[in-house]
1. Can you confirm whether the range 68-87 contains a residue that is within 18 Å of Pro29 (Cα to Cα) and free of Cβ contacts under 8 Å to residues at least 24 places away in the same chain?
2. Restricting to the range 50-67, count the residues that are open to solvent by less than 30 Å² (accessible area, probe 1.4 Å) and touching a Pro at 6+ places or on another chain (Cβ under 6 Å).
3. Any chance the range 111-131 includes a residue that's part of a loop (DSSP other than H, G, I, E, B), farther than 30 Å from Gly48 by Cβ and open to solvent by less than 40 Å² (accessible area, probe 1.4 Å)?
4. Cβ contacts < 6 Å: first residue under 19 Å from Glu38 (Cα atoms), restricted to the range 116-133; second residue part of a loop (DSSP other than H, G, I, E, B) and of a type in the set (Gly, Ala, Ser), any location; separation 6+ or different chain. Result?
5. Going through the range 43-67 one residue at a time, which ones are on the phi > 0 side of the Ramachandran plot and assigned to a helix (DSSP H, G or I)?
6. Could you say whether any residue in the range 12-28 is at pLDDT 95 or above, open to solvent by 90 Å² or more (accessible area, probe 1.4 Å) and in a helix (DSSP H, G or I)?
7. If I ask for residues that are open to solvent by 20 Å² or more (accessible area, probe 1.4 Å), closer than 18 Å to Leu33 by Cβ and outside any loop (DSSP other than H, G, I, E, B), which ones from the range 68-99 would you list?
Amino acid sequence: MKKAIAFVTAMLLAAVVVYGVIRLEIGSPEQQLARAIEKAASKAREAGTAVYLKDHTDFAWDKMYVFGPYTDPQTINAAVGYHWTDRHLSYDDANRIIVFCDQGKVVRHIVYSGYMSNDLYNGPLSPEEAVIWP
């Protein structure tokens, strides 16, 4: 009986470790989205084409905001229209914070460090306006 309990415990521990490693490798949905957009922007820059962010999202959203690095939570909360966060979301000069909202609520945010030549800080932007140009 003790061997069975030890075996089950070891298997559960192994499963938790494997899940953790996979999660680190694949990343959260936010990290996956940021990487996909960064990759698309890099390819678009080489090809001289635009990246429509609506083509890279699999969730509903009607407004998008872009904030610069070090943007304080109060500024973000004021823009989205309600108290959403208490923390700074970026501490790096290369990062931008992209916040997606649907019907007045934040549905996803990413920390984006890819290429963005145009000024998208004059939000909110509709899905049709949320475009990264080369």
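The values are calculated or read from the model by the stated rules, or taken from the named source; none is laboratory data. Predicted model only: the values in this text are computed from it and were never measured. So basically every Cβ, Gly included, is an ideal-geometry build from the backbone, and we count neighbours across all protein chains shown. Side chains included, ligands, DNA and RNA excluded: accessible areas come from the protein's heavy atoms. Shrake-Rupley method; radii C 1.70, N 1.55, O 1.52, S 1.80 Å.
1. Scanning the range 68-87 turns up no residue that is within 18 Å of Pro29 (Cα to Cα) and free of Cβ contacts under 8 Å to residues at least 24 places away in the same chain.
2. Final tally of qualifying residues: 1.
3. So far as the range 111-131 goes, no, none of its residues is part of a loop (DSSP other than H, G, I, E, B), farther than 30 Å from Gly48 by Cβ and open to solvent by less than 40 Å² (accessible area, probe 1.4 Å).
4. Val131/Ala50; Trp133/Ala50; Trp133/Ser117
5. Hits for the range 43-67: nothing passes.
6. Among the residues of the range 12-28, not one is at pLDDT 95 or above, open to solvent by 90 Å² or more (accessible area, probe 1.4 Å) and in a helix (DSSP H, G or I), which makes the answer no.
7. Arg96
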